[in-house]
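The values are calculated or read from the model by the stated rules, or taken from the named source; none is laboratory data. Because the structure is predicted, anything quoted here is derived from the model rather than measured. Here Cβ is always computed from backbone atoms with ideal geometry, including for glycine, and neighbour counts include all displayed protein chains. We work out accessible area using only protein heavy atoms, side chains counted, and drop any ligands, DNA or RNA first. Shrake-Rupley method; radii C 1.70, N 1.55, O 1.52, S 1.80 Å.
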Amino acid sequence: MQLWRDGRGGSEPAWLEKLQRTSMADLRVDGFPGVHDEDWKYTASVATRALDEHDWQPARMLAAGEAAGKAAAEAAADFAAGFARAAHERGADLAFFVDGRLSAELSSSSVGGGAGGGAQVIGLAAALADSPANGEHAALLERHLGGVADHQSAITQLNTGLFGDGALVLVPDGCACERAVELVFFSTGNEVVAHPRVLVVAGAGSSLDLTERYVGVEAESENGGRSRAVTNPVTELLLERDARMTHLRLQDESKEVVHLGRIEARVQQGAEYNSQVLVTGGRLVRIEIRVRLEGRGARTVLRGLSLVNGRRFADFHTLVDHVEPGGSSNQLYRSVLAGNGRSVFTGRVVVHEGASGSNAGQRNDALLLSDGAHASSRPQLEIYNDDVSCTHGATTGQLDERSLFYLRQRGLSVDEASSLLARAFATEALQGVLKGELLDELEKLVAGRLAAGSTGVNSYEVSS
Amino acid sequence: MSLLSVKDLHVSVAGNRILNGLELELEAGQVHALMGPNGSGKSTLALLLAGHPAYKVEKGSVSYQGRDLLDMAADERAREGVFLSFQYPVEIPGVSTGYFLKAAVNAGRRHRGEDELDAMDFLDIAREQLKLVGMDEAFLHRSLNEGFSGGEKKRCEIFQMAMLEPRLAILDETDSGLDVDALKAVGSGVNALRTPERGMLIITHYQRLLDYIVPDRTHVIMGGRIVRSGDAELAREVEQRGYGWLEEAAAASAA
Ligand SMILES: Nc1ncnc2c1ncn2[C@@H]1O[C@H](COP(=O)(O)OP(=O)(O)OP(=O)(O)O)[C@@H](O)[C@H]1O
Ligand SMILES: [Mg+2]
């Protein structure tokens, strides 16, 4: 394989060069996972093919006026305007990225500026380039960038080796951030591979609402089955003592995008990390989530939902480590499948020897709306302490016939009744993390995608 | 022309013959009571008329408003005015009662070429009807039947019936498990719908609901057939004497 590093230009700190070089060396030695790797058996072939198709080449900056880039840039501008408006109404700080690169003009003016009493959002490329002048950020980045992530993960290795830009979010100790932070990653689908990297350091006792949205416009022309783009984002979250974070990752890119993403959170004593992932786009989406409850009484609530139609594929991979006593984790992942959609859930919970009094719950359900759809579930519990309470369950099923009949008896068509039941099933996996307008927004998005006779996702149509 | 005409109906479920040559005529404007021992086929008839896919017609015919009812899908029957108050209403988590019912009401209105109700109009009407069955508006926001008490489920069925204004209403033991107030509420819900163009089939084990809704006819079903029909008096007789005497009479007539 040929590897291109997404150079930022200018001089770089030595630690960064070493980090990126080591990571690429790891990837070269280990090789990108293949179908024989149990953890990658469903995703490896499509992922490597997509990366090969693009020579693993990272995003280039869209040159203004470049013929192909211009329409995409306009689309990005339209999108950004919409998001910016909404973010403004919500009172959020918005950082907008195009194919992995921060766009200053599409972002809130606060991005890159001072903290202003809330969280500070800085473009990663800028923070790194700045480093000689900005000792504080440099030290922080050197200490934490790559310090949360697990370097065994191929997704992380790829990103660490090749990232060019992303965001650094700093939450001061004790900051009850009223303004949410929104990171929007817009994919033009313009034959690019993007490796955005995000590092969030949430100070002791702080609280933050963080949203990451991966979005794009649907390509107009068919592309002979080639994936238009690969997105490979890695987000590292460090929650210091008693910090609280609510985190949404929305993946709604065009259905030709291959998305290989990872979220890593280290949760210190008394801190609480709550995560919602929603996958509504992409051709192949694999999202790995690893949460390390490394302080006494650390807590996490994890929710994930994927809507998978056509020939699309979604793979959730979670790993929760209970390291210290009294931690709790609660996972619910669901998928709604139609057409020839496929979903995989692999959920590993490790309760380490010292983690007495831990409480871990994991659930995974799949709803199959068609005969061609398929779901697999692999729960893995490793418990090295007797004084724990762990539950897990997994179901795969179709719509409940009795409910369907009840709704039809009241006059709803098979289509309407199925849609209503599918939405009810899906919506449950959106409860427990988000609230208010953001929750409403996601519920509406899901309702729209699962609407009866919806033309946008016509393969959700259900046969009677 | 009868509203509902059932002729020589033989029905099986899971390979077992349950209805054996059932005959029933229900005129518009009439209320009929249907009584019979446990397992005699009352719910089978009700679910078959509603179009449940598990019930298979082996023989016979059912016409509704002059059309072949058996030729219509369950949801089409509903939109054409057939309503079943279920003996065991299904709990459907995550589907709000109000949202669902508005969709159901509008499905019927679309079918009849009427304008759909918007949220405000729907709410106005729903409030009225909730009052009729003694339910709180909060039920509209709850998941359909989920966690409802037995009586609340039955009231909710009648509330839905009142909202949907069916032509043919089949009430399958809607009176079972109701307290006295609920029984009155169900009675007044039914009587409010008692108009010359509607018909109702009330399946019950007890006379007490029939004190509020006096039926025009009473039928007794045993072994999947109507073995005796009469007026409101027959229901009282059944309550006093049970079914044994009818069994003997039926056996005698069959012999
Ligand atoms: N889906 C089914 N599968 C198998 N048997 C069934 C099914 N539905 C009904 N039956 C059987 O058919 C017979 C008639 O049942 P049905 O529910 O119609 O009785 P019923 O008259 O309504 O009784 P009850 O007064 O107890 O409600 C019973 O023996 C019942 O077990
Ligand atoms: Mg019954």
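For the Cα atoms of chain B, what angle does the longest principal axis make with the long axis of helix B:244-254, in degrees from 0 to 90, nearest 10?
60 degrees
Rolling a 1.4 angstrom probe over the protein chains, ignoring ligands and nucleic acids, what is the accessible area of A:K18 in square angstrom, nearest 10?
Roughly 130 Å² of A:K18 is accessible to a 1.4 Å probe.
What GluC sites (Glu not before Pro) in the stretch A:121-187 are in a loop by DSSP, with at most 13 other Cβ atoms within 10 Å of the Cβ?
Within the stretch A:121-187, the qualifying GluC sites (Glu not before Pro) (loop, at most 13 other Cβ atoms within 10 Å) are A:E178.
List the trypsin sites (Lys or Arg not before Pro) in the stretch B:79-122 that DSSP assigns to loop (not H, G, I, E or B) and whose Cβ has at most 12 other Cβ atoms within 10 Å. Which are they?
Hits after loop and neighbour filter: B:R112.
So how far, in whole Å, is the C-alpha centre of the stretch A:317-348 from the one of the stretch B:168-207?
48 Å
Arrange the residues B:V186, B:V214 by how much accessible surface each exposes, largest first, with a 1.4 angstrom probe. Intermediate values should be presented prior to the final figure.
Values: B:V186 0, B:V214 80 Å².
Putting B:V186, B:V214 in descending order of accessible area: B:V214, B:V186.
How much net charge surrounds B:M35 when only other residues with a Cβ under 15 Å from its Cβ are counted (Lys, Arg +1; Asp, Glu -1)?
Counting the neighbours of B:M35, the net charge comes to -3.
Tell me, what is the 1.4 Å probe accessible area of A:K255, in Å² to the nearest 10?
Result for A:K255: roughly 110 Å² accessible.
How large is the accessible surface per residue of the stretch B:4-254, computed with a 1.4 Å probe and reported in Å² as a whole number?
Dividing the accessible area of the stretch B:4-254 by its residue count gives 42 Å².
Counting helices only, and only those DSSP H runs with n ≥ 4, report the 222 nm mean residue ellipticity of chain A as the sum of -39,500 (n - 2.57) divided by its residues, in deg cm²/dmol to the nearest 500.
-7500 deg cm²/dmol
Just from its helices, what would the mean residue ellipticity at 222 nm be for chain B, if runs of 4 or more DSSP H residues each count -39500 (n - 2.57) and the sum is divided by every residue, rounded to the nearest 500 deg cm²/dmol?
Taken over chain B, the calculation gives -11500 deg cm²/dmol.
Taking B:K131 as the anchor, which lysines have their alpha carbon closer than 24 Å to its alpha carbon, excluding any fewer than eight residues away along the same chain?
The reachable lysines, counting only those whose Cα sits under 24 Å from B:K131, are B:K102, B:K153, B:K154, B:K184.
Sequence gap at least 6, Cα distance under 8 Å: using those rules, report the relative contact order of the stretch B:186-249 to the nearest whole percent.
26 percent
Sequence gap at least 6, Cα distance under 8 Å: using those rules, report the relative contact order of chain A to the nearest whole percent.
It comes to 10 percent, rounded to a whole number.
Mind jotting down the three principal axis lengths of the stretch A:291-382 based on Cα atoms? Whole angstrom, largest first.
45, 19, 14
When the solvent-accessible surface of protein heavy atoms is calculated with a 1.4 angstrom probe, in what order do A:I155, B:I226 fall, highest first?
Ranked list, largest accessible area first: B:I226, A:I155.
Roughly how large, in nm² to one decimal, is the mean projection of the convex hull of the alpha-carbon atoms in chain A?
21.7 nm²
Express as a percent, rounded to the nearest 5, the fraction of DSSP beta bridges in the protein assembly as shown (both residues included) that run antiparallel.
Roughly 15 percent of the DSSP beta bridges within the protein assembly as shown come out antiparallel.
Comparing the chain by itself with all protein chains present, which residues of the stretch B:80-120 are at least 40 Å² less accessible (probe 1.4 Å)?
So the qualifying set is B:F86, B:V90, B:I92, B:V95, B:Y99, B:F100.
Counting only protein heavy atoms and using a 1.4 Å probe, what share of the accessible area of chain A belongs to carbon plus sulfur, as a whole percent?
47 percent
Along each principal axis of its Cα atoms, how long is the stretch B:4-254 end to end? Whole angstroms, biggest number first, please.
Largest first, the stretch B:4-254 extends 60, 39, 35 Å along its Cα principal axes.
Determine the total buried accessible area between chain B and chain A, counting protein heavy atoms only with a 1.4 Å probe; round to the nearest 100 Å². Mind showing how you got there, number by number?
On the way: alone 11740 and 18610 Å², together 28370 Å².
So the total buried area for this chain pair works out to about 2000 Å².
I'd like the accessible area for A:E428, computed on protein heavy atoms only with a 1.4 Å probe and all protein chains in place. Round to 10 Å², please.
So the heavy atoms of A:E428 present about 80 Å² to solvent.
Order A:D209, A:D150 by their accessible area, 1.4 angstrom probe, all chains in place, largest first.
A:D209, A:D150
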